[in-house]
Ligand code: NAP
């Protein structure tokens with residue numbers, strides 16, 4: 001029986017990259033999305049194709065749901081229970097950038113609330129819902145192991161004064177990771193934070209020219225844009241239990257962005 005991964009926001013970008021990499025090592029997938037059903041279906045089809053090429057038979061299904069809404073989060077987890085009967089990995093990936101990218105001194109409370117619901121509250125309560133179900137699975141079989149991976153950002157540490165809400169949400173997600181790592185460790189559930197750097201996706205498309213120049217000028221020692229597959233490969237390594245004696249840890253996938261240089 002294949003292991004089962006629930007990936008939020010897997011219709012496009014980094015979530016899609018994670019789905020394709022997990023498919024290639026034989027995971028069944030639930031592809032969550034918010035609006036873009038056609039893209040979610042394309043992720044499913046490409047995942048199944050990827051798995052076949054690598055010699056695996058997998059199941060992959062889409063499930064719409066706004067992770068900022070409690071009722072949708074519950075429906076999403078119920079969908080996984082009813083269609084797959086188990087969950088071995090939750091990837092909290094769905095997120096939005098700062099709405100309007102306003103300066104700190106002008107940012108609105110309304111935009112703050114909208115971003116926090118998706119980027120921080122949603123992942124926290126999905127950790128709670130899925131973590132509780134994982135505890136049940138471990139109670140039934142104490143050799144069973146689960147994983148939760150939160151896709152944070154270099155913005156959890158690096159400031160952008162025109163994206164304050166985004167930075168605060170990602171810093172909060174770091175603490176969410178440590179909290180659930182401490183709470184769930186006794187049940188064999190490891191919780192990780194993966195911090196992507198500058199990754200090519202629809203989210204970064206509007207600021208492409210700015211980052212092209214910064215990367216070219218040496219912002220990161222590895223002088224290229226990150227790819228969604230770079231993040232996907234890191235997730236696979238964690239999901240496949242290659243770091244069994246770790247939990248609550250941060251894995252940077254950022255081309256060396258965090259190295260201080262003089
Ligand atoms: P993206 O290209 O904009 O894709 C966002 C994905 O999240 C889409 O699948 C979208 O679904 C989904 N989504 C958005 N709001 C949602 C909601 N309320 N409920 C459920 N799904 C929702 O973004 P990305 O660049 O791949 O970013 C993915 C994650 O990585 C985010 O958490 C982001 O903060 C983080 N990250 C990105 C970068 C980067 O450079 N790109 C760097 C660091 C961290 P639809 O297709 O239905 O709209």
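Values quoted throughout were computed directly from the atomic coordinates according to the rules given, and no laboratory measurement underlies them. All values reported here derive from a predicted model rather than from experimental measurement. For neighbour counting, all protein chains shown are included, and Cβ atoms are generated from backbone atoms with ideal geometry for every residue, glycine included.
For the range 75-121, place one equal point scatterer on every Cα, skip the solvent, and apply the Debye formula. What is log10 of I(q)/I(0) at q = 0.15, 0.16, 0.32 Å⁻¹? At q = 0.15, 0.16, 0.32 Å⁻¹ the computed log10 ratios are -0.56, -0.60, -1.15.
Cα-based radius of gyration for the range 158-226, normalised by 2.2 N^0.38 Å, reads 1.44. Counted residue by residue at 0.36 nm each, then reduced by the alpha carbon distance between them, the extension gain from residue 52 to residue 102 reaches 13.5 nm.
Against the chain, whose longest principal axis is taken from its Cα atoms, helix 122-140 shows a tilt of about 30°. Summarising the label geometry, the points placed 7 Å from Cα in the beta-carbon direction at residue 219 and residue 132 lie 4.1 nm from one another. For the range 32-72 versus the range 221-262, the inter-centroid distance based on Cα atoms is 23 Å. With a 10 Å Cβ neighbour count serving as the proxy for reagent exposure, in which order, fewest first, do 242, 166, 211 appear? Ascending number of Cβ neighbours within 10 Å: 242, 211, 166. Between the helical axis of 228-239 and the longest alpha-carbon principal axis of the chain there is an angle of about 40 degrees. Rg then Dmax, both in Å and based on the Cα atoms of the range 88-158: 16.2, 52. Per the Debye formula on identical point scatterers at the alpha carbon atoms of the range 2-67, with no solvent, log10 I(q)/I(0) at q = 0.23 Å⁻¹ is -0.81.
Evaluated over the Cα positions of the range 120-200, the convex hull gives a direction-averaged projected area, one quarter of its surface, of 5.7 nm². Dividing the summed helix terms, -39500 (n - 2.57) for each DSSP H run of n ≥ 4, by the number of residues in the chain produces a 222 nm estimate of -14000 deg cm²/dmol to the nearest 500. Were the residues from residue 112 through residue 1 laid out at 0.36 nm apart, the gain over their Cα-Cα distance would be 35.7 nm. A viscosity of 0.692 mPa s and a temperature of 37 °C, combined with the Kirkwood radius over Cα pairs in Stokes-Einstein, give a translational diffusion coefficient for the range 1-138 of 213 µm²/s. Modelled this way, with points 7 Å down the Cα-to-C-beta line, the labels at residue 61 and residue 179 are 3.0 nm from one another.
Taking all Cα-Cα distances within the range 112-262, those exceeding 26 Å account for 31%. Our compactness index for the range 47-127, the C-alpha radius of gyration over the empirical 2.2 N^0.38 Å, is 1.44. When the alpha carbon coordinates of the range 70-189 are projected onto the principal axes, the ranges are 52, 27, 16 Å, largest first. A Cα-only calculation for the range 211-253 places Rg and Dmax at 13.7, 40 Å. Computed from the C-beta positions of residue 45 and residue 209 and an R0 of 35 Å, the FRET efficiency is 0.60 to the nearest 0.05.
With one equal scatterer per alpha carbon and no solvent term, the Debye-computed log10 I(q)/I(0) for the chain at 0.09, 0.10 1/Å reads -0.38, -0.47.
When both the range 1-23 and the range 90-159 are represented by their alpha-carbon centers, they are found 16 Å apart.
Straightening the chain between residue 160 and residue 246 buys 28.0 nm, computed as 0.36 nm per residue apart minus the Cα-Cα spacing. Largest GNM mean-square fluctuation across 232, 85, 26, computed for the chain with C-alpha springs under 10 Å, falls on 85. Counting only alpha carbon atoms, the long axis of helix 164-184 and the longest principal axis of the chain meet at about 30°.
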